[in-house]
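Peer 1: My structure is below; once you've seen it, I'll send some questions.
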Amino acid sequence: MDGLHSRRVAFRRTPIDIAVLASGSGTNLQALIDHPGVRPHIVLVASDRPGSRALARAEDAGIGQATVLWDEYKSRSDFSAALADVVESSGAKGVVLAGFMRILSPSFVDRFPDRILNVHPSLLPSFPGANPVELALQHGVKVTGVTVHLVDELVDHGPIVAQRPVDVLPDDTPDSLHQRIRVVEHELYPEVVAAFVEERLQL
Ligand code: GAR
């Protein structure tokens, strides 16, 4: 090579810290806490619901918590700005939605571009919104599932990172189906979030 030596240097990115946003029972949050590749990078759990089980799980795991109350703000964008401030001041560079049931304004998304991940209990783009499990049953689909995607300014929308199917059984109720979907979420989401914190997600 004309006397020149070529040398390959492998760069390893520094993992990013994340805030997890959760409104409810927090079983997905628990699956993230239980994953050794994810837990050290969770610096905050924030919720819109005081007393939620998700906040108790964070407390038990020794993770800092914050509550941002929807009713204390005049608009979605004020609520979202307050939440973004809380996330930023925790030092988190990424946001992981784990059953967070408020719609975030575009200004929130702009503050963490390509750094917000969501898990949704359907095969998007089917059944976005608040009742995806019920809608899957009402439409009589034979297969539904789990989607993990990056969040853009639309609801349950953005580049899809991973999907897994779940069969709908003839005698399923919303509860029984959601329970099987959660089992799949608890496997898939921690794997994807572990890649997300190490910035090795491939779309
Ligand atoms: C999960 O199934 C999650 O996919 C869903 O809420 C549930 C939260 O359960 N999220 C959405 O519907 C977002 N559009 P969890 O509190 O037990 O993790």
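The values are calculated or read from the model by the stated rules, or taken from the named source; none is laboratory data. Note that the coordinates shown come from a computational prediction; the quantities given were computed from them, not determined experimentally. Quick reminder, even Gly has a Cβ in these numbers, built from the backbone with ideal geometry, and neighbours come from all protein chains shown.
Peer 1: Among Pro128, Pro132, which is at pLDDT 95 or above and closer than 22 Å to Leu203 by Cα?
Peer 2: After ruling out the rest, the residue left standing is Pro128.
Peer 1: Further question: Which one of these is in contact with a helix residue (DSSP H, G or I) (Cβ under 8 Å, 6 or more places away or on another chain), surrounded by fewer than 21 Cβ atoms within 10 Å (Cβ to Cβ) and at pLDDT 95 or above: Asp78, Asp48?
Peer 2: Answer to the selection: Asp48.
Peer 1: If you don't mind, another one. Just need a number here: residues in the range 133-146 that are touching a Ser or Thr at 6+ places or on another chain (Cβ under 9 Å) and either part of a strand (DSSP E or B) or loosely packed, with under 14 Cβ neighbours inside 10 Å (or both).
Peer 2: Going through the range 133-146 one residue at a time, the tally reaches 4.
Peer 1: OK, next. Of the residues Gly129, Gly62, which single one is touching a residue at least 24 places away in the same chain (Cβ under 8 Å) and out of contact with any Ser or Thr (no Cβ under 7 Å at 6 or more places or on another chain)?
Peer 2: Testing whether each residue is touching a residue at least 24 places away in the same chain (Cβ under 8 Å) and out of contact with any Ser or Thr (no Cβ under 7 Å at 6 or more places or on another chain) leaves just Gly129.
Peer 1: Suppose we filter His149, His186 for residues that are within 16 Å of the ligand (Cβ to nearest atom), in a strand (DSSP E or B) and within 12 Å of the chain's Cα centre (by Cα); which single one remains? Let's see the steps before the verdict.
Peer 2: Working: His186 fails: in a strand (DSSP E or B).
Matching residue, one of His149, His186: His149.
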